[in-house]
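Everything on this sheet refers to the single structure shown next.
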Amino acid sequence: MVLTNLPQQTIDFQPYLESRVRYERRSDVDFSSATSDARSDVYARIRLGARFNAPGGISGEAQYQFADDRYWKPSGDANPHNSDLRFAFLRYKDATGALTVGRQPIIVGDQRLIGTLEWVNTARSFDGIDWKSKTMEFFGARIGTASPYPANARIFGAILSHGSQYVALLQKHDEIAAGNVDVTTLNYNGKWRRGPLSLETEGAVQTGSVASKRLSAYALHARATQAFQPKISTFLEANLATGGGGPNSTRTFDNLYPTNHPFYGTMDLQGWRNMQELAIGADFKPCQNVTGKASYHRLWLFDAADAWYAANGVANARPGGTYVDPTGGSGKDVGQEWDVEASYTYQKTLVFSAGLGYFQPGSFVRNVLKGSAANQTWVFLQTQYRF
């Protein structure tokens with residue numbers, strides 16, 4: 001649609017509609033065979049928005065989002081939902097860079113530390129200001145939309161990039177019940193390609209304070225991908241994030257505000273903190289409209305006396321508490337996960353997806369439960385429409 005204001009000036013206006021519905025079923029949520037806690041969810045999300053481009057390098061976007069979750073489990077059913085303005089920003093772009101002000105997406109690299117968390121029904125946006133050029137980016141923001149919503153959280157960043165590498169300095173401030181959280185993160189990401197072999201690495205070191213404790217932590221990621229033909233590639237990956245600490249210090253890595261779903265198993269049982277992981281897998285595209293992925297993940301704790309943290313950064317729940325053994329006597333063997341997923345795109349506007357995950361707990365989980373542990377199965381079916 002084109003609106004004409006002046007004979008030689010036009011505004012390009014593009015409305016759009018997005019909808020997504022996903023069914024999920026998860027068995028043995030807490031890994032205890034003594035409790036009946038299988039859960040089913042139907043997530044529905046509708047987004048209505050518009051983008052515009054005006055003369056003089058001015059553009060912007062506004063997007064309304066309604067996110068609904070209906071879940072069923074033995075202890076009861078519920079229907080939480082969220083209605084909010086997800087985007088509302090203006091952007092000015094010239095030869096030096098682009099300045100964006102308002103509620104917007106902010107992404108750092110592969111989103112291991114800062115991302116929009118699209119898999120989650122509410123997703124995440126930021127209220128703030130961002131300036132970006134070809135080699136630099138600076139931003140400061142608070143959380144705009146998220147579930148749960150950290151009302152007091154603030155994030156600031158400065159990024160210097162060169163080719164396929166960047167260095168980022170990130171500063172987080174939050175206020176929690178135990179006190180203030182102030183974390184400074186120095187983050188590096190690099191990618192290289194030689195023929196069919198691709199390599200990527202990422203690392204982060206942190207210092208600061210979590211309530212009354214001094215923070216000193218780090219995290220590492222490395223991945224090698226081998227393409228055997230245009231439609232098939234395999235990968236080998238390793239991840240690590242510190243954990244543990246003492247009475248006056250903590251070494252538990254702060255994962256900040258990431259998009260963890262694609263990285264440490266699609267069942268979202270593992271986040272990038274107090275963990276060690278080895279993973280292998282394959283990506284395939286048998287035809288133009290079909291993609292798929294299969295992967296295996298082997299997981300351990302970094303520190304046996306710290307918790308097993310999920311993708312949302314919170315310790316995984318068990319009957320009567322969480323999965324942590326302060327003595328360290330339960331060991332580090334978290335378990336192993338197998339994942340497979342596929343998607344089919346119809347005429348670029350409609351996408352059908354499905355996936356299956358299977359998690360087999362290790363000796364750490366069994367020891368914390370003081371006995372046997374049940375395997376967990378997770379399945380999803382999803383449709384997504386864009387107009």
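Would you work out which of SER209, PHE253, PHE263 lies farthest towards the positive end of the dipole of the chain, given +1 charges on the beta-carbon of Lys and Arg and -1 on that of Asp and Glu, about the Cα centre?
PHE263
Given a 10 angstrom Cα cut-off, can you work out which residue in TRP131, TRP192, TRP338 is the most mobile in a GNM of the chain?
Most flexible of the set in this elastic network: TRP192.
Under a crude label model (7 Å from the Cα following the beta-carbon direction), how far is LEU236 from ALA222 in nanometres?
Simple spin-label model gives 1.0 nm for this pair.
Quick one: net charge around ASN248, please, counting Lys, Arg +1 and Asp, Glu -1 for every other residue with C-beta under 11 Å from its C-beta.
That sum, taken over residues with Cβ under 11 Å, equals +2.
How do HIS81, HIS162 line up, fewest other C-beta atoms within 10 Å first? Numbers along the way, then the final one.
Details: HIS81 13, HIS162 10.
Taking fewest neighbouring Cβ atoms as first place, the list is HIS162, HIS81.
Length gain on complete extension for the stretch THR322 to TYR358, per 0.36 nm per residue less the alpha carbon to alpha carbon distance?
Stretched fully, the THR322-TYR358 segment lengthens by 10.9 nm.
Could you pull out the pairs from LYS293/LYS348; LYS73/LYS370; LYS172/LYS293 whose alpha carbons sit more than 29 Å apart here?
Values: LYS293/LYS348 20 Å; LYS73/LYS370 25 Å; LYS172/LYS293 34 Å.
In this structure, LYS172/LYS293 lie more than 29 Å apart at Cα.
Which number do you get for Rg(Cα) / (2.2 N^0.38 Å) in the range 1-151? Walk me through the intermediate numbers first.
Numbers: Rg = 19.9 Å, N = 151, 2.2 N^0.38 = 14.8 Å.
Computed over Cα atoms of the range 1-151, the ratio equals 1.34.
Specify which residue in the list ALA95, PHE156, ILE58 is farthest towards the positive end of the charge dipole of the chain, using unit charges on the beta carbon of Lys, Arg (+1) and Asp, Glu (-1), about the Cα centre.
The residue sitting farthest along the positive end of the dipole is ALA95.
Could you size up the charge dipole of the range 2-386 around its Cα centre, putting +1 on the beta carbon of Lys and Arg and -1 on that of Asp and Glu, and report it in debye to the nearest 20?
With only Lys, Arg, Asp and Glu charged at Cβ, the dipole is about 580 debye.
Return, for the Cα atoms of the chain, the radius of gyration and Dmax in Å, separated by a comma.
Final numbers for Rg and Dmax: 22.0, 78 Å.
Using a cut-off of 27 Å between alpha-carbon atoms, which lysines can reach LYS93, once sequence neighbours fewer than 8 places away in the same chain are excluded?
The reachable lysines, counting only those whose Cα sits under 27 Å from LYS93, are LYS132, LYS134.
Describe numerically, in nm with one decimal, the distance between label points set 7 Å from Cα along Cα→Cβ at LYS285 and at LEU48.
For LYS285 paired with LEU48, the spin-label model returns 3.5 nm.
For the range 241-360, max minus min Cα coordinate along each principal axis, in Å, sorted largest first?
Computed over the Cα atoms, the extents are 58, 27, 26 Å.
If you take the alpha carbon radius of gyration of the range 100-237 and divide it by 2.2 N^0.38 Å, what ratio comes out, to two decimals?
On the way: Rg = 17.0 Å, N = 138, 2.2 N^0.38 = 14.3 Å.
It is 1.19.
Given labels modelled 7 Å from the Cα in the Cβ direction, how far is it in nm from TRP72 to LYS134?
In this crude spin-label approximation the distance works out to 5.7 nm.
May I ask you to list the aspartates and glutamates whose Cα is less than 20 Å away from that of LYS332, ignoring any residue fewer than eight positions away on the same chain?
Answer for LYS332, where 20 Å is the Cα cut-off: ASP30, GLU237, ASP254, ASP268, GLU277, ASP303, ASP306, listed by chain and number.
Rule-based calculations on the coordinates, nothing more; no lab input. If you're wondering where the values come from, they're calculated on a predicted model, not measured in any experiment. Please note: Cβ atoms are built from the backbone with ideal geometry, for glycine as well, and neighbour counts cover all protein chains shown.
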